[in-house]
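Participant: Quick one: the structure is below, and I'll ask about it shortly.
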Amino acid sequence: MNPIGVKIRAVGSYAPEKILTNEDFERMLDTSDEWITSRTGMKRRHISAPEQASSDLGIEAARIALQRANLTPQDIDCYVVASATPDYIFPATSAIIAAKLGATDKPAFDMEIGCSGFIYGLTVCAGLIRGGVHKRVMLIGAETLTKFTNYEDRGTSILFGDGAGAAILEASEIDSFLSSDLGSDGSNPAILLLPTGGSRERVTQAAIDAKRDMIYMNGREVFKFAVTKMIQSTARALEKAGLTKEQCNFLIPHQANKRIIDAASKYLEMPPEKVLVNIQEYGNTSCASVPLALDEALQGGKIHPGDIIVFVGFGAGLSWGAVTWRWQ
Ligand code: ACO
């Protein structure tokens, strides 16, 4: 038995007020509510205000988590942000969040592995605590994907929304962390890519005119990859934990497409009541989608001590991962 265990002490989440509905898209593009609903399961997405960056959303979620845990920002030993849409290439969004909360002397770092960030983050933060490095870590998934969405492209624009979720992990006598299965394959970045703004391709006027500062995606390729990896990673994580799929009480997947979730759940023989889905309200919020769904389930009284949860995600990289967790 591991001498130091980990648990999630509190969760918080936040989504911006402005809503974009399928009917709004009908007015903007050649699309329909019927197409979007049947192909994705999405109805609404929350859209950040022009002045709201990912850190602003993350701060709201973190404040709620701190309040629920009855902790101050100084009580957190380390701040970690998982985001595909950080405020800047540098400095780290986590440091900005910690400072704005009032913690200016704490370690902070960001993790960028596409939409799998929260799953990777759970693994890393649990490792920091179980390894005795920190006693209490704040993990935040915060995204403003709509700032990088090409609203002339009907194939991608309908998918994305903004939001943030925060989880406070802390040392515990009982260990909630049962297993992790992570993976990546960076051999074809073009499948899901934001071409400019990094060191490979500078932002030029020509790049902006060609919309290369926006999300590019081969939807069909991502779809196939996502179903396969969601199935494999969930099965592997359960196997590593020595559990069967029947022993899993809840699957909390990255909310990218209801059809991806349905196809994977069906193969895994997970009945719908075990699979937590709120994609209709938020769309794809990347690293925020898993904590948004977890928070909704906790606030709705669905999850109880002892429940086995598999968190599973996939995204740009390509990347994927699943974590098995015993709630306490
Ligand atoms: N409304 C109407 N028609 C549309 C729309 C739309 N919004 N978007 C695409 N179409 C059309 C296409 O133009 C195409 O028409 P054509 O046959 O005349 O060429 C047709 O619908 C079928 O297009 P597909 O791309 O094959 O549609 P598909 O059924 O694959 O659904 C979708 C597209 C929803 C994007 C799907 O592929 C998907 O969800 N893929 C996974 C996306 C995903 O998970 N992304 C993760 C991103 S995570 C991150 O890291 C940011």
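Participant: Counting other C-beta atoms within 10 Å, and keeping those with at most 13, which DSSP coil GluC sites (Glu not before Pro) do you find in the range 251-319? Each step should come with its number before you reach the end.
Facilitator: Details: sites: 269, 273, 281, 296; in loops: 269.
Filter output for the range 251-319: 269.
Participant: Compute the distance from the alpha-carbon center of the range 123-148 to that of the range 15-65, in whole Å.
Facilitator: First find each Cα centre; the distance between them is then 24 Å.
Participant: Can you compute the helix-only [θ] at 222 nm over the chain? Use -39500 (n - 2.57) per DSSP H run of at least 4 residues, normalise by all residues, nearest 500 deg cm²/dmol.
Facilitator: So the helix-based figure for the chain works out to -10000 deg cm²/dmol.
Participant: Here's another thing I want to ask about it. Reachable lysines from residue 18, Cα under 26 Å, same-chain residues fewer than 8 places away excluded?
Facilitator: 43, 100, 147, 211, 258
Participant: Counting other C-beta atoms within 10 Å, which of 304, 46, 134 has the fewest, and how do the rest follow?
Facilitator: Arranged by neighbour count, lowest to highest, 304, 46, 134 become 304, 134, 46.
Participant: Starting from the eigenvalues of the Cα gyration tensor, five times each then square-rooted, give me the equivalent ellipsoid semi-axes of the chain, largest first, whole Å. Intermediate results must be reported in sequence, preceding the final value.
Facilitator: Values: eigenvalues 170, 113, 66 Å².
Value: 29, 24, 18 Å, ordered largest first.
Participant: Convex hull volume of the Cα atoms in the range 178-326, per residue, in Å³?
Facilitator: 121 Å³
Participant: On to the next question. Test of understanding: extend the Cα→C-beta vector of residue 218 to 7 Å, then name every residue of the range 171-196 with backbone N under 16 Å from that spot.
Facilitator: Once the point is set 7 Å along Cα→Cβ of residue 218, 185-195 turn out to lie under 16 Å by backbone N, inside the range 171-196.
Participant: Can you give me the three principal axis dimensions of the range 5-175 from its C-alpha atoms, in Å, biggest first?
Facilitator: 54, 32, 27 Å, listed from the longest principal axis down.
Participant: Let me ask another. Under 1.5 on a/c is rounded, so check that first for the range 255-327, then, if it is not, pick prolate when a/b is larger than b/c and oblate when it is not; a ≥ b ≥ c are the square roots of the alpha carbon gyration tensor eigenvalues.
Facilitator: Values: a/c = 1.40, a/b = 1.29, b/c = 1.09.
Rounded.
Participant: Sort 152, 143, 51 so the one with the fewest other Cβ atoms within 10 Å of its own Cβ comes first. The partial results should precede the final answer.
Facilitator: On the way: 152 11, 143 30, 51 6.
The most exposed by this proxy come first: 51, 152, 143.
Participant: What are the chymotrypsin sites (Phe, Trp or Tyr not before Pro) within the range 12-113 that DSSP puts in a loop, where the Cβ has at most 14 other Cβ atoms within 10 Å?
Facilitator: Within the range 12-113, the qualifying chymotrypsin sites (Phe, Trp or Tyr not before Pro) (loop, at most 14 other Cβ atoms within 10 Å) are 88.
Participant: Only counting other Cβ atoms within 10 Å, I'd like 20, 145 sorted with the fewest neighbours first.
Facilitator: 20, 145
Just so you know, all these numbers are worked out from the coordinates, no wet-lab data involved. Bear in mind the structure is a predicted one, so any value in this text is a computation, not a measurement. Methodologically, a virtual Cβ is constructed for each residue, glycine included, from the backbone with ideal geometry; neighbour enumeration extends over all protein chains shown.
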